[in-house]
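Working notes, structure below.
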Amino acid sequence: MNRSFLVASAIAVLSVSVVSPVVWAGNWGHWRGEDGNGVATDANPPVKFGADENVRWKVDLPGKGSGSPVVWDDRVFVTSAVALSSDPLGMHEFLVMAFDRNTGQTLWSQVAVKARPHEGTHSTNGFASASPCTDGRHVYASFNSRGLFCYTMDGQLVWKRDLGDMAMRNGFGEGSSPTIEGDMLLVPWDHEGASSLYALDKNTGDIIWKTDRDEPSNWGTPLVIESEGRSQVVLTGQNKVRSYDLQTGQELWSCGGQTERPAASPVATDDLVIVTSGFRGAFLGAFDPRGRGDIEGTSSVVWTRHRDTPDIGSPLLSGNRLYFYKGKSGALTCVDVSTGREHYVAQRISGLRTIYASPVAAGGHVYLSDRSGSIVVIKDSPELQIVSVNQIGETVDATPAPVDDQLIVRGEDHLFCLQRSEEG
């Protein structure tokens, strides 16, 4: 237990404006929400907020990390890597933390591992970029090469597993997040060495299956879909997007066409899978998951797009609207997901310049977060309608978590709980 951090956190919590008790209803157990598409169906967070407006609490975070917060009932979970010296490759403490959603107080903070990173990372990346996930019974935290850890909701270690060291392209650092599905924890492991996709028993950490992948470094996260009564695991790749049978890890279908070093994660409707990439090129593909084998050039590729596609931020799928940025810029596009028909294209929005976080939707609005600390709220609509431009005062690289009437935001230095008031 990191006792010094517990004390410091208790002192650092700021309760700014909203202090009434909360009745918890929704959860956000994965960085892309309940179905992986970035939508909170029952949430209604504030649309206007700032340093002194609609802030329930704000708490200091130790170290550095861009993994997104996840929320279950009264708890918010976050990971971080705390440097213990000025040496970038010196000893770090890798933390898993739980905060009280009502007050911001630290419930527990565990040092998952104390270790030296084996290789460097990009200047805008850290060593805690993967987002945790939870099923309400356990919380899972991946520090990639530093290990995978399972805790109870009260912070007791259940199991840990070391899958070895990754070698990432150009020293960009690691960042793929695990996905929970049933009794499995799906762990992507694409790097410059031997790449693979693991399915672990989420209760024990034992390997259920491992599938080798002919892929270099990839920062995408697996998405589980249902098609014709069969569960598939879809994972992006520089060479191909591939889908695997959830129970066996057997490859079902694949398609080439992605750009270099994919980072955005897929989204899906009941009958389409959407995959995007946008570094040194542009690609968006809408695929029919009923195809088998290599589907490139077949009718299973329903539509494609080769401009204005996202690089790091994943697309948002809300209803029949697909939202995505152009590269890392704040130029936003919205299209009909079934046909690719454009509602609006590469629209510049004041306050948005450089994007790492993915858009999320809740309460009829879409939340767009910029590295400058701006969070722009627009209508979840085929027409671009700006509702508000908000500033929290520090870099936001992590995707916010909309739950109930709150928006949980992980900034560079603080964790924020923004809560709707009677005025919105």
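The values are calculated or read from the model by the stated rules, or taken from the named source; none is laboratory data. Here the structure is a predicted model, which means the values were calculated and not measured. When we count neighbours, we look across all protein chains shown, and the Cβ atoms used for this are built from the backbone with ideal geometry, even at glycine. Surface areas here come from the heavy atoms of the whole protein model, side chains and all, with no ligands, DNA or RNA. Shrake-Rupley method; radii C 1.70, N 1.55, O 1.52, S 1.80 Å.
Using only Cα atoms, locate the centre of segment 174-247 and the centre of segment 26-67, then give the distance between them in Å, rounded to an integer. Computed from Cα coordinates, the inter-centre distance equals 26 Å. Applying the criteria of a DSSP loop state and at most 14 other Cβ atoms within 10 Å to the GluC sites (Glu not before Pro) of segment 181-258 yields Glu192, Glu228. Estimated from the Cβ-Cβ distance and a Förster radius of 35 angstrom, the FRET efficiency linking Asn239 and Glu53 is about 0.15. Sorted from longest to shortest, the spans of the Cα atoms of segment 145-218 along the three principal axes equal 38, 23, 17 Å.
Sorted from greatest to least, the principal axis extents spanned by the alpha carbons of the chain come out as 60, 47, 40 Å. Label-to-label distance for Asn203 and Val111 is 3.2 nm, based on points extended 7 Å past Cα in the beta-carbon direction. Across segment 329-365, the residues whose backbone nitrogen lies under 17 Å from the label position 7 Å along the beta-carbon direction of Arg290 are 338-339. Taking θ as phi - 60° and the Karplus parameters 6.51, -1.76 and 1.60, the scalar couplings of segment 38-50 work out to x, 10, 9, 5, 10, 8, 8, x, x, 9, 10, 6, x Hz in sequence order, x denoting glycine and proline. The label point for Thr152 and the one for Asp100, both projected 7 Å from the Cα toward the Cβ, are 2.0 nm apart. Structure note, pairs Lys64/Lys114; Lys58/Lys326; Lys58/Lys160; Lys160/Lys240; Lys210/Lys240; Lys114/Lys202: Cα-Cα distances above 26 angstrom occur for Lys58/Lys326; Lys58/Lys160; Lys160/Lys240. Taken one residue at a time, the phi angles of segment 324-338 give Karplus couplings (6.51, -1.76, 1.60, θ = phi - 60°) of 7, 8, 8, x, 9, 7, x, 6, 9, 10, 10, 10, 6, 5, 6 Hz. Gly and Pro are set to x. Computed from label points 7 Å out along Cα-Cβ, the spacing between His118 and Ser381 is 5.2 nm. With one equal scatterer per alpha carbon and no solvent term, the Debye-computed log10 I(q)/I(0) for segment 222-317 at 0.15 1/Å reads -0.50.
The accessible surface of the chain, taken with every protein chain in place and a 1.4 Å probe, is 45 percent carbon and sulfur.
Here's how it looks for Thr269: its modeled amide H is under 5 Å from those of Ile274, which are all 5 or more places away or on a different chain.
Placing unit charges on C-beta atoms (Lys and Arg positive, Asp and Glu negative, everything else neutral), compute the dipole magnitude of the chain about its Cα centre in debye, rounded to 20. If you can, show how the numbers build up before the last one.
Working: 37 positive and 51 negative charges, 150 e Å.
Roughly 720 debye for the chain.
If you wrap segment 192-239 in the convex hull of its Cα atoms and look at it from every side, the mean projected area works out to 4.3 nm².
In segment 297-390, what trypsin sites (Lys or Arg not before Pro) fall in a loop by DSSP, with at most 14 other Cβ atoms inside 10 Å? Walk me through the intermediate numbers first.
Details: sites: Arg305, Arg307, Arg321, Lys326, Lys328, Arg341, Arg348, Arg353, Arg371, Lys379; in loops: Arg307, Lys326, Lys328, Arg341, Arg348, Arg353, Arg371.
When the trypsin sites (Lys or Arg not before Pro) of segment 297-390 are filtered for loop state and at most 14 Cβ neighbours within 10 Å, Arg307, Arg341, Arg348 remain.
Compute the label zone of Leu89 within segment 102-139: residues whose backbone N is under 20 Å from the point 7 Å along Cα-to-Cβ. Only 114-129 pass the distance filter.
Take His30, His118, His343 and sort them by solvent-accessible surface of the protein heavy atoms, 1.4 Å probe, largest at the top. Let's see the in-between values first.
Values: His30 30, His118 75, His343 50 Å².
Descending accessible area places them as His118, His343, His30.
Thr354: accessible area at probe 1.4 Å, nearest 10 Å²? Approximately 60 Å² of Thr354 is accessible to the 1.4 Å probe.
Within segment 317-424, report the GluC sites (Glu not before Pro) that DSSP leaves as loop and that have at most 10 other Cβ atoms within 10 Å. Before the final figure, lay out each step's value.
Values: sites: Glu342, Glu383, Glu394, Glu412, Glu422, Glu423; in loops: Glu383, Glu394, Glu412, Glu422, Glu423.
Listed in order of number, the matching sites are Glu383, Glu422, Glu423.
Straight-line cross-link partners of Lys379 among the lysines, defined as a Cα under 17 Å from its Cα and at least 8 positions apart when in the same chain: Lys48.
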